[in-house]
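The values are calculated or read from the model by the stated rules, or taken from the named source; none is laboratory data. None of the values given here were measured: they were computed from a predicted structure. Quick reminder, even Gly has a Cβ in these numbers, built from the backbone with ideal geometry, and neighbours come from all protein chains shown. Accessible surface areas use protein heavy atoms only, side chains included; no ligands, DNA or RNA. Shrake-Rupley method; radii C 1.70, N 1.55, O 1.52, S 1.80 Å.
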Amino acid sequence: MTDAAPRPLRAAIVGTGGIAHAHAQAIADLAPRIELAAVADVDIERARAFADGFAPAAAVHPSLSLLLAAEQIDLVHICTPPQTHVPLAIESLRAGVPVLVEKPTALSLTEMDRLVAVSRETGVPALTVFQHRFGHGAQRLIRLLRDGVLGRSLVATCETLWYRPAEYFDVPWRGRWEVEGGGPTMGHGIHQFDLLLAVLGPWRRLSAFAARQALPTDTEDVSMAVVEFESGALATVVNSLVSPRESSRLRFDFERATVEVEHLYGYSDADWAFTPAKGHEHLSAEWAADASDEVSSHRLQISAIIDALAAGTEPAVGAEEARRTLEFAAATYASAFRGVPVSAGDIVDPDPFLTSMDGGAVPWPPLKEVL
Ligand SMILES: NC(=O)c1ccc[n+]([C@@H]2O[C@H](COP(=O)([O-])OP(=O)(O)OC[C@H]3O[C@@H](n4cnc5c(N)ncnc54)[C@H](O)[C@@H]3O)[C@@H](O)[C@H]2O)c1
C-alpha cells in the first residue's frame, strides 16, 4: 500500500494589490503542495477579480476577520500596506494560523517585539518575506561560508540603487513614516541588507547618513551606512531611490574568493560572479557545481516554508531573525539623525527609535511644510 499524498496546504492572501500577484503565482506554480483557498481585501471587487484570475474556487472576503471565521486556513499571506502588517499578523496568530508577512514586517521595533511575543506565546510562526535569501546563489554562498571553504569574511559592499519617479509616491501609503515606516532603508534596500546580514551574521556597530535629496516624501530617499560585524568584517550599505541606472549589488571579499551578484529584483546563478584568490582556483568548480537558472523569488521561499511546515521544523524567515534586520534599519536612522555610531542592542526603552523609525529626530521638515 502506498501512502496517500499529503493534502495541499490551504493558503489565504490578504491584500490583493501589486505584490499579491507574486504570491498567487508562486502558489499556483507550487500546486498541488499548496492551493489558494481564500482571499480578502477591503476592496472586495479587487479581491473578487483577483480570485477570478488565480483561483476561481477561492472564497472571497472583505476582511481577514471574516475570512478566518469562515475558512480552514494553514497559512495567511499578508500583502497589505506596512502599517497593517502586525495587527493582521497578530489576529491570524491568535486564530492559530501561521503568517507570511510582506516586508517591512513592522513599522518599529516596538511593534516587531509585540509580534515576536505573540508568536512565542501562541507557538505559531510569524514569517517575513525576504525572498532573496532563498535563491540558489545565496544558499550556496551561506553553505560554503559555513563549511569554512571561503575563509574569513573581510569586506563587503551592499547597494540598492533604484529609481522611483515622483508619481510613485501618489499612492497614499508611500513615502510617509507613519504608514510605510521609512524610505528606501525600510522599503527597498531592506532586501539587500537582509541578505548581507544572512551571510555575514550579527553586526556590531554602524555609522550612517540619510538625506531627502529629490523626492516628494517625508522619509529619506537615500541612506548609507558603514558597518562592522562581530566577525570583524567591514561593509558599506547604500539604499537609494534616486539612481537612474538601477542596480542591486552585493559583493563579498573573503580570504579565498570574491563573490558578487548584480541584479535588479531577482537573481539567478548567471548574475553571480566568483573570483578565487591566487592559489584557490580549484574553488571555482565548487561554486559552479550545482548551477541553476532559477530566479530568487517568492516561489523559492514559499516552497521552503511548505517543506518546513510539513517536516515540523522552523520555517524561515522567523520573527526573531526578521527583528535583527529591522534593528539594522532602526540603527541606520538613529545613527544618521543623531550623528553618532550605534551598536547592536543600543536601541532600548526609552529610546524613541524603538517606537518609530524617525525617532522624532528627522532633520528635514515634513513635506506639507515644504509645499
Ligand atoms: N517582497 C517584495 O519584493 C515586495 C515588492 C513590492 C511590495 N512589497 C510589499 O508588499 C506590501 C504591499 O505592497 P503592494 O505594492 O502590493 O500594495 P498595494 O497598495 O498594491 O496593495 C495593497 C492591498 O491591500 C489592501 N488592503 C489594505 N488594507 C487592508 C486590510 N486591512 N485588509 C485587507 N486588505 C487591505 C488594499 O485595498 C490593496 O488592494 C508592502 O508592504 C510592500 O512593501 C514587497
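Here LEU68 meets the list (1) away from the ligand (no atom under 13 Å from the Cβ); (2) surrounded by fewer than 24 Cβ atoms within 10 Å (Cβ to Cβ); (3) of a type outside the set (Gly, Ala, Ser) almost entirely, failing just condition (1).
Check the range 340-348 and report whether any residue there is acidic (Asp, Glu) and modelled with pLDDT of 95 or more.
So the first thing to find is which residues in the range 340-348 are acidic (Asp, Glu), and the list is 346.
With the extra rule that they be modelled with pLDDT of 95 or more, the set shrinks to 346.
Looking through the range 340-348, at least one residue is acidic (Asp, Glu) and modelled with pLDDT of 95 or more.
Filter the range 58-94 for residues that are touching a helix residue (DSSP H, G or I) at 6+ places or on another chain (Cβ under 7 Å) and hydroxyl-bearing (Ser, Thr, Tyr) and give the result. Once the filter is applied, which keeps residues that are touching a helix residue (DSSP H, G or I) at 6+ places or on another chain (Cβ under 7 Å) and hydroxyl-bearing (Ser, Thr, Tyr), the range 58-94 yields SER65, THR80, SER92. The number of residues in the range 38-50 being assigned to a helix (DSSP H, G or I) and out of contact with any helix residue (DSSP H, G or I) (no Cβ under 8 Å at 6 or more places or on another chain) comes to 6.
What is the residue count in the range 214-270 for residues that are polar (S, T, N, Q) and over 22 Å from VAL340 (Cβ atoms)?
As a first pass, look at the range 214-270 and keep what is polar (S, T, N, Q): 217, 219, 223, 231, 236, 239-240, 243, 247-248, 258, 268.
Now drop any that are not over 22 Å from VAL340 (Cβ atoms), which leaves 217, 231, 240, 243, 247-248, 258, 268.
Of the residues in that region, 8 qualify.
Just wondering, is there one or more residues in the range 5-14 that are over 12 Å from LEU67 (Cα atoms), within 12 Å of the ligand (Cβ to nearest atom) and not in a loop (DSSP other than H, G, I, E, B)?
Going residue by residue through the range 5-14, those that are over 12 Å from LEU67 (Cα atoms) are 5-10.
Now restrict to residues that are within 12 Å of the ligand (Cβ to nearest atom): none.
No; the residues of the range 5-14 include none that is over 12 Å from LEU67 (Cα atoms), within 12 Å of the ligand (Cβ to nearest atom) and not in a loop (DSSP other than H, G, I, E, B).
Of all the residues that make up the range 51-65, how many are part of a helix (DSSP H, G or I), more than 19 Å from VAL101 (Cα to Cα) and either within 11 Å of the ligand (Cβ to nearest atom) or over 27 Å from the mean Cα position of the chain (by Cα) (or both)? Result for the range 51-65: 1. Would you point out the residue of the range 24-50, among those that are within 9 Å of the ligand (Cβ to nearest atom) and out of contact with any Asp or Glu (no Cβ under 8 Å at 6 or more places or on another chain), that is least open to solvent (accessible area, probe 1.4 Å)? This residue is ALA40.
Condition check ((1) touching a strand residue (DSSP E or B) at 6+ places or on another chain (Cβ under 7 Å); (2) surrounded by fewer than 24 Cβ atoms within 10 Å (Cβ to Cβ)) across all residues:
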position	(1), (2)
SER63	yes, yes
GLN72	yes, yes
VAL76	yes, no
GLN83	no, yes
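A Cβ distance below 7 Å, combined with a sequence gap of six or more or placement on separate chains, defines the contacts here; from the range 15-36, residues that are assigned to a strand (DSSP E or B) reach residues that are within 11 Å of the ligand (Cβ to nearest atom) in the pairs LEU36/ILE13. Selection within the range 274-314: residues that are open to solvent by less than 40 Å² (accessible area, probe 1.4 Å) and closer than 27 Å to VAL155 by Cα. The member of this set that is farthest from the ligand (Cβ to nearest atom) is ALA277.
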